[in-house]
Amino acid sequence: MKDLNIQIQIPKTNVVVEKVLMFNPFQVIGIEQKFSLDLNELEQKYLDLMKTYHPDKVVGVEDPNQRISFISKSTQINDAYNILKDDLKRGQVIIDLEKDHQHFNENVVKQDAEFIFLQIQMREQIDKLSRNFVEQEFNNLKTKAKSLVNENKQALEQAFIENNLELAQKLVYRLQFLAKLKSEIEKVEDEQLI
């Protein structure tokens, strides 16, 4: 039997968390801090803010400090919107804000043995399919990954409703893996089209 030396890599820093330490995206956009958002309302508030703070509004303004301030505000609004419209980033932000800016707890992730085992299985399936593509197996993997994303998003929403931040952290990690897995699945699919 072949000895597998598999290591699960956990990101050491989180770009979203680093940006959030500088501002609260919910406050920037002017919406309630919660995981479940009305994306149409989010977009409308964003568009309303951009009508006021669009960089084109400062064309011709002589004072460089005023221009920089205006452009900085526009950038902050864009960053806040891009964070909040993404379920995964929004979840990371809420965890960070609720935990008073304590970074992602790697121990929560390392204790999720069931999901770590699932990761290994799914990565092995992708590797196998990249070498020997079988359409039915590929479609099954793609369906399973999509189902896992939906299940974990629903569980994440419930974890935030119950204010269970430890579970939310675990689910955010799972969703990060599933996002990477989706990219790998798409790569295998693209290779088959060539």
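At a glance:
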{"read-out": "Residue count for region 161-183, restricted to those that are in contact with a helix residue (DSSP H, G or I) (Cβ under 8 Å, 6 or more places away or on another chain), surrounded by fewer than 18 Cβ atoms within 10 Å (Cβ to Cβ) and under 30 Å from GLN136 (Cα atoms)", "value": "2"}
{"read-out": "Condition met for LYS110 (surrounded by 13 or more Cβ atoms within 10 Å (Cβ to Cβ) and of a type outside the set (S, T, N, Q))", "value": "no"}
{"read-out": "The lone exception for SER147 - which of (1) at pLDDT 95 or above; (2) closer than 11 Å to VAL188 by Cα it fails", "value": "(2)"}
{"read-out": "Any hit, region 42-58, residues being modelled with pLDDT under 85, out of contact with any helix residue (DSSP H, G or I) (no Cβ under 6 Å at 6 or more places or on another chain) and not in a helix (DSSP H, G or I)", "value": "yes"}
{"read-out": "Selection count where residues are touching a residue at least 40 places away in the same chain (Cβ under 8 Å) and over 21 Å from MET22 (Cβ atoms), scope region 47-79", "value": "0"}
{"read-out": "Residues within region 152-166 that are under 13 Å from ILE94 (Cα atoms) and assigned to a helix (DSSP H, G or I), tallied", "value": "7"}
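The values are calculated or read from the model by the stated rules, or taken from the named source; none is laboratory data. Since this is a predicted model, take the numbers as computed values, not measurements. Here the Cβ is made from the backbone with ideal geometry for all residues, glycine too, and neighbour counts use every protein chain on show.
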